[in-house]
Amino acid sequence: MSEIQDRVAALLAAHDPATTDRLEFLRARFDAGLAWVHFPVGLGGLAAPRDAQPAVDQALAAAGAPDNSPRRIGIGLGMAAPTILAHGTDEQRLRFLRPLWTGEEVWCQLFSEPGAGSDLAALGTRARRDGDDWVVTGQKVWTSSAHNARWAILVARTDPDVPKHAGITYFVCDMTAPGVDVRPLRQITGEAEFNEVFLTDVRIPDAHRVGEVGAGWRIAQTTLMNERVAIGGRPAPREGGMVGAVADTWRAHPERRTAATHDRLLELWVESEALRLAGIRLRQQLAAGSPGPEGSAMKLGFARLAQALSGLEVEFLAEDGLRYDDWTQRRPAMVDFTGRDAGYRYLRAKGNSIEGGTSEVLRNIIAERVLGLPAEPRVDKDVPWKDLPR
Amino acid sequence: MSEIQDRVAALLAAHDPATTDRLEFLRARFDAGLAWVHFPVGLGGLAAPRDAQPAVDQALAAAGAPDNSPRRIGIGLGMAAPTILAHGTDEQRLRFLRPLWTGEEVWCQLFSEPGAGSDLAALGTRARRDGDDWVVTGQKVWTSSAHNARWAILVARTDPDVPKHAGITYFVCDMTAPGVDVRPLRQITGEAEFNEVFLTDVRIPDAHRVGEVGAGWRIAQTTLMNERVAIGGRPAPREGGMVGAVADTWRAHPERRTAATHDRLLELWVESEALRLAGIRLRQQLAAGSPGPEGSAMKLGFARLAQALSGLEVEFLAEDGLRYDDWTQRRPAMVDFTGRDAGYRYLRAKGNSIEGGTSEVLRNIIAERVLGLPAEPRVDKDVPWKDLPR
Amino acid sequence: MNLLYTDIEDDLRATVADLLRDRAAPATVLARIESGADTALWGELARMGATSLHVSEALGGQGAGYRETAVVAEELGRSVAPVPFLGSAVLATAVLTHLADDPAARALLGRLARGETTAALVVPLSSWEQVPDGRGLVRSVADAAAADVLVVPVAGVVHLVDARDAVVTPVTSLDQTRPIADVDITGAPTTPLAGPGDDAVRAALVAGAGILASEQVGLAQWCLDTTVAYLKERHQFGRPVGSFQALKHRVADLWQSLVVARAAARHAADALTTGVDVDIAVSVAKSLCSTVAVRAAEECVQLHGGIGMTWEHPAHLYLKRAKADEIALGTPGRHRATLAPLVDLPLQSTP
Amino acid sequence: MNLLYTDIEDDLRATVADLLRDRAAPATVLARIESGADTALWGELARMGATSLHVSEALGGQGAGYRETAVVAEELGRSVAPVPFLGSAVLATAVLTHLADDPAARALLGRLARGETTAALVVPLSSWEQVPDGRGLVRSVADAAAADVLVVPVAGVVHLVDARDAVVTPVTSLDQTRPIADVDITGAPTTPLAGPGDDAVRAALVAGAGILASEQVGLAQWCLDTTVAYLKERHQFGRPVGSFQALKHRVADLWQSLVVARAAARHAADALTTGVDVDIAVSVAKSLCSTVAVRAAEECVQLHGGIGMTWEHPAHLYLKRAKADEIALGTPGRHRATLAPLVDLPLQSTP
């Protein structure tokens, strides 16, 4: 630990945050192994325990050092990086991880398709080998940051003649390549927070394949596992998030209060507080080295409460609940679930039980993997992908 | 219609209710075709429309005539009779229907088994042919009135080598025959409202087989369809049933009221009133000759509301809700879901979503038969019964 | 009490449904969503008499009743067509029929019935029980932007105001298919109507709440039908998703709720027609149907998965309408509070 | 704030669980259900120190804390063992520790810790916030029939009464594994304890409610575990019923609720131990865990199908305990009402 502290001190001594260019500082931090200390030496880390990171972050922040805007590059940090580390080649790691971490290169994720949502393994985007390249054609959807992204992690079907899980390969796709067409996807809130991405004969060099041909499904699990942890694991202060917004609305409108809405609000307040405690307990478990499956409980509860609370808020506001702030189609850089008015909160919360794994899929996962209940009869396991009904 | 009125008048003239023995009157009524006017002539009916019955019942009741205690013999009237009429032989109809209707002979139903509840077709009670008889061995459960019954409708497996729906035969079983052992089945209320029936080498003459060998499943559908209609179709006045009991408790205890329980009670009151209206609407549809599938909606709603209301009542009663009237094992002749205290109502209501088809099975039926959603993949359709996992 | 649809009502439904299928299919509604009320469609509805069903023939209407009005509302709920039916044909018209002894009211009823003009009742759409006063700014008024004549309660008297003389400011509505506006009649010339204004407005709120229940039933039915159709067609894991039992049970529960809600809505429409048991019937129906419609719309969005979250799928129009309807003319909680004394379930005992 | 179980707590749990598995398996509890408290088992719990964990060593107890008491309560909830833990080891003991300056209280605490005697707090089990007065008939007192000493609040002062001097009338309890009785101390000799009696009783009610939350978690966990096991083993339609998705989703939701409830219960136990955030933590936990436990027990009965409705299956013992626990020491609604001012969410604004 004291070696890490020494490295922090050395970094700060060599690059005074007050006078160093932001990007220069971030690159130096990466090169000092202080980006993500649990990563290998030479790839921004020191092969140290993961829990040594918070002290580094705090020390650097206290010294006025810039951070890498982690929310802006969440997909890169949370999904692309662990996958490339685990399954990429040395060349890929060296090429991609540094600008990913510094934020010089933004990443997005080309996984979901109109016909492959919960059943991602059914995806139909085709990649055909052509010399040293792959030629990719298909349609992806629900891609956030696609319009800002330099790179994408992509899964595509390389063999339609084998069962669906077996014929998928994992790639890194250059979002500036010819044939990549990003179109905003407007949501029920009016915003276009996500995109559709149309891929037409996009050439990807085989050097940008991650893992073996046909191993894409297993590799994608690394990505998705990290996504679910990221979504479920946020800590929050009491009344953080949706419950705080709704409680404030209650406090601001004594004239609208009724006994019935009072008890419903308190019920949801209690559940929100308990979910917050469950999040703290989950982090304590992780810190104690015994991670549990409770992350999926957090995500289920978060979605349900966000929807119930915002629904109550709109109803509570009555004549004000009939109004909306703005239907203009915008492309927000970052999404704040509670940042606009009650109507927006209500509509946006509907997505919480869909994005990052629907609540229905989560319940299946809990039932089978946590509780050990038997799987349903499967009709799609041993059938070549091309013969599946769709 | 006026022919029916004439018959009523003639019956009353020939058998003055004031001076005629009850049973004698009921037999005469049956013979006059006024038992169930939609039944055939000679079998207690006049082959008249079903909706001519209420006027007969009212006219006879107004004249002081006895009725046949329909609730006491509900299984006979509601299930055995329509099945025997539809599928029995002439001899069976003549032998069974008259004493069934007059109540001289009580009927029970030997359908469910410990291993065959929702999946009734999986039943394992075996019937083997032996000369002119069948020899039946097995265990039935959830049999009401078994201890009073003279006869039972019974489904048993006559061929274990064919798929489960195909190997079942339908019988009339003499409950006084050797090998029939009726044991009370105590419920969570303390009462023993139902029975277990153990059948050990019980001999049933082939003449008491209903329908063809192997046709039992189809015939049982007649029985069960009538059961579900019977359970779902009761009319009720406003605040009839559980909601009335709970509303009365509310009125009796002003000191226990809180704003939160108030709104919950009103919510359930509203739902109960609407369910009552749906029942009226269903009856109006039936009367108009366009029966719908809404009976299953009634049963689902009835169970849910009975449970929610009685649960609220126990909670509302607080220190009184901690008490129970009596755990003594009794065998009530008739069940009154709302007849005892709040604790009893709460516990007994738990059965409402199980008896007569679980709420889960009802939802499957609604989804597939009403909404036309596709069936789940079946693993038990084409497998011989003896090879099914259990 | 007749809770069925009569043959006449079935015919009326078919006629209206045909028109709406042609002119206000969800994709059509979605395409013109920023354009306010569909005045051409509104004119057609008026010409077929669908906007004056519960107005007596003597007053220029169809001489039918609220039962028939409710059937039209159901179909309008099913299509979320952007027409000022609630504001003009239900709320304003109900006030005017109550005050029909006044010649100005009678004249306006005739013009409304002939489709020559459109009116709006100037109260917040969320109003229930209390009659708001129309002086000063009145916020969140339904269908005001489409109205030629404003019907405004002021100090117990209903006044007519030419919309051109008032300040009508459209606001961004959560429910994009029933636009609201803020209205200020300060300084505008007004025509007071003789008769008990507050009673008329209260009766209109009751009628409106009862008719909204039928709109909610139609809306919920669309959501159920559309969801069921999608579940049959959408495949995941090599199966139609509608073969997954958890989803089946959810739509079965929704269907069950809708069976019950329909009975309540029919009862409210019947009670409004006969005048028997009106207050209880309306508050039962409005509180129940509000909840069922919101749940149906929410389930519709969820069970469509990602596509239900997109602007291009019409589900959101129904979600927004359902949520606004829940607030309109009394939230479920306010209707339950109304019921409490009517059904002898008070919170406090009266001494 | 530590929401995990410490190693010491895990060891304690294992010891108690072993004993209960041997001596209070559900079938055992069911078989002796009409016999009142299991005094032999109760004696063993006392001998292992499980009944005086939160009593300081100076007062003869184990010098642990409410966190450990909560772990025992969880295991007792999991077994619904009929022992007077709540009445004696939690409620009466909490009152006495509050008044431990009084020599009679101290002496009684020592006897309780050594398992020589059993006490009960004479308040209705449903009590919350208000301290009831013990004069006259006190109804629905938990564990009173098993008590040698009654702890009775009278006019702000806590009195000790020999149970043989009082009229203790067992009544038929909904929860058959925690018998209640009506108590009347009229005319009995009493020993008043020095110190703030009402404060002591109020603190005991808070501690009791917080500990009950852990009992409810243990109870709900048994219901979930038992249901999951049954769903794996029971076959219908040629499949384990646990492979049907609708049932899977229901137990998944139950598991989710239990994850959240456990965090709340642990927080309440931790807060009772540290004295920080006690009132909010306890009311959050008791209101949430009550609801989760009742739902778990109801789902357990339903998902067992017919067998869950039979006396011979133990599910009903859990249903009855869960329902009684929901009422005990404040219903969820009363705890929410307690929370409202504490978290600045009042119904009326204070001027």
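The values are calculated or read from the model by the stated rules, or taken from the named source; none is laboratory data. Computed from a prediction, not measured in an experiment: that's the story for all the values here. Here the Cβ is made from the backbone with ideal geometry for all residues, glycine too, and neighbour counts use every protein chain on show. These accessible areas exclude ligands, DNA and RNA; they are computed on the full protein's heavy atoms, side chains included. Shrake-Rupley method; radii C 1.70, N 1.55, O 1.52, S 1.80 Å.
Points to keep in mind about this one:
- The label-point distance for D:LEU4 and A:HIS38, in a model that sets each label 7 Å from Cα toward Cβ, rounds to 1.5 nm.
- The separation of the stretch D:203-276 from the stretch B:171-214, counted between C-alpha centres, amounts to 39 Å.
- Take each residue in A:382-390, count the other chain C-beta atoms within 10 Å of its C-beta, and the mean is 2.
- Take the accessible area of C alone and of B alone, subtract that of the pair with a 1.4 Å probe, and the total buried over both chains is about 3800 Å².
- Per-pair calculated FRET efficiency, R0 = 45 Å: B:MET334 and B:THR137 via Cβ, rounded to 0.05: 0.90
- Potential extension, B:ASP31-B:ARG71 segment - 0.36 nm per residue separation minus Cα distance: 12.2 nm
- Qualifying aspartates and glutamates (Cα of each under 18 Å from Cα of C:LYS232; at least 8 residues distant if same chain): A:ASP119, A:GLU360, A:ASP380, B:GLU368, B:GLU376, C:ASP253, C:GLU299
- Label point 7 Å beyond Cα along the C-beta direction, distances from D:GLY136 to other copies (nm, shortest first): 5.1
- The helix-based estimate of mean residue ellipticity at 222 nm for the protein assembly as shown, built from -39,500 (n - 2.57) per DSSP H run of four or more residues and divided by its residue count, is -14500 deg cm²/dmol to the nearest 500.
- Using R0 = 30 Å, the C-beta based FRET efficiency linking B:THR20 and B:ALA55 works out to 0.90.
- Chain A, closest residue to the rotation axis toward B, by beta-carbon, whole angstrom: A:ALA259, 2
- When cysteine pairs in chain D are screened for C-beta atoms closer than 4.7 angstrom, the residues that find no partner are D:CYS289.
- Taking the label point 7 Å along Cα→Cβ, C:ASP18 and its counterparts in the other copies are spaced 8.3 nm apart, in ascending order.
- Highest-first arrangement of C:177-188, B:31-42, where packing means the average Cβ count within 10 Å: C:177-188, B:31-42
- Label-point gap, in nm, between A:LEU94 and D:ASP133 - each point 7 angstrom along Cα→Cβ: 8.8 nm
- Sorted shortest first, the distances from the D:THR172 label point to those of the same residue in the other copies are 6.4 nm; each point sits 7 Å from Cα along Cα-to-Cβ.
- Cα convex hull, the stretch C:153-234: 117 Å³ per residue, rounded to a whole number.
- If you take the Cα centroid of the stretch B:112-165 and the Cα centroid of the stretch C:119-144, the two points sit 67 Å apart.
- Counting, for every residue in B:115-127, the Cβ atoms of other protein chains within 10 Å of its Cβ and taking the mean gives 2.
- Shape summary: chain B maps onto an equivalent ellipsoid whose semi-axes, from the alpha-carbon gyration tensor, are 35, 30, 21 Å in decreasing order.
- Shown is the FRET efficiency for D:ASP277 and B:ARG251, computed with R0 = 35 Å from the Cβ-Cβ distance and rounded to the nearest 0.05: 0.30.
- Computed over chain D: relative contact order in percent, which uses C-alpha pairs under 8 Å that are six or more apart: 18 percent
- Here the simple spin-label model places points 7 Å from the Cα toward Cβ, and for B:ALA259 and B:ASP326 these points are separated by 4.2 nm.
- Springs join every pair of Cα atoms under 10 Å in this Gaussian network model of chain B, and among B:THR102, B:THR223, B:THR89 the largest mean-square fluctuation is at B:THR89.
- Solvent exposure of the protein assembly as shown as accessible area per residue, Å², 1.4 Å probe: 36 Å²
- Carbon/sulfur fraction of accessible area - the stretch B:1-67, other protein chains in place, 1.4 Å, %: 54 percent
- Three-way shape label, the protein assembly as shown, alpha-carbon gyration tensor, a/c 1.5: rounded
- When the pairs A:LYS350/D:LYS248; A:LYS164/A:LYS350; C:LYS320/D:LYS248; B:LYS350/C:LYS248; A:LYS140/A:LYS299 are compared against a 26 Å limit on Cα-Cα distance, A:LYS164/A:LYS350; C:LYS320/D:LYS248 fall above it.
- Between the stretch B:346-390 and the stretch C:281-351, the C-alpha centres lie 31 angstrom from each other.
- Length-normalised contact order of the stretch A:89-147 in % [C-alpha pairs under 8 Å, at least 6 apart]: 32 percent
- Heavy-atom accessible surface of the stretch A:233-357: percent carbon and sulfur, 1.4 Å: 55 percent
- Note on D:266-276: average number of Cβ atoms from other chains within 10 Å of each residue's Cβ is 1.
- Compactness relative to 2.2 N^0.38 Å, alpha carbon Rg of the stretch D:229-346: 1.28
- The listed peptides D:288-295, B:192-199, ordered by packing as a protection proxy, come out as D:288-295, B:192-199 (highest mean of other Cβ atoms within 10 Å first).
- Structural descriptor for the stretch A:233-357: relative contact order 29 percent, calculated from alpha carbon pairs under 8 angstrom and at least 6 residues apart.
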